[in-house]
Amino acid sequence: MEQHIMTLEEAVDLLVSTDKDLDLIARFLPVDADEVHAALAGVDEDSADGVALRLLAKYNPVEEE
């Protein structure tokens, strides 16, 4: 079964707008790891987007080849 990968914008919007457990939700949001890590470079780490991106990076690590 193929897993649908969310866009990074969809995932960040979901995390920023929820009042549920962010860590738990981020664990199950499939996003492109390279895109997450690239976005982290240009965001204020204390902003809502920064928090969301750090959580997404935690569960979507960049795979080394």
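We did not get these values from a lab; they are worked out from the coordinates using the rules stated. Computed from a prediction, not measured in an experiment: that's the story for all the values here. Neighbour counts are summed over all protein chains in view; Cβ atoms, including those assigned to glycine, are modelled from backbone coordinates with ideal geometry.
Contour minus end-to-end for Asp23 and Glu45, with contour as 0.36 nm per residue of separation and end-to-end as the Cα-Cα distance?
Numbers: separation 22, 0.36 × 22 = 7.92 nm, distance 1.60 nm.
Difference between extended and current length: 6.3 nm.
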Among [x] 11.8; [y] 13.0; [z] 16.6, the value of Kirkwood radius over Cα pairs in Å computed for this structure carries the label [x]
Candidate cut points under GluC sites (Glu not before Pro) in the stretch 1-63, DSSP loop plus at most 13 other Cβ atoms within 10 Å of their own Cβ, are Glu2, Glu45, Glu63
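Please work out how much length the chain gains when fully extended from Asp34 to Glu63, using 0.36 nm per residue of separation minus the C-alpha to C-alpha distance, in nm with one decimal. Mind showing how you got there, number by number?
Numbers: separation 29, 0.36 × 29 = 10.44 nm, distance 0.88 nm.
Once the chain is fully extended between Asp34 and Glu63, it gains 9.6 nm.
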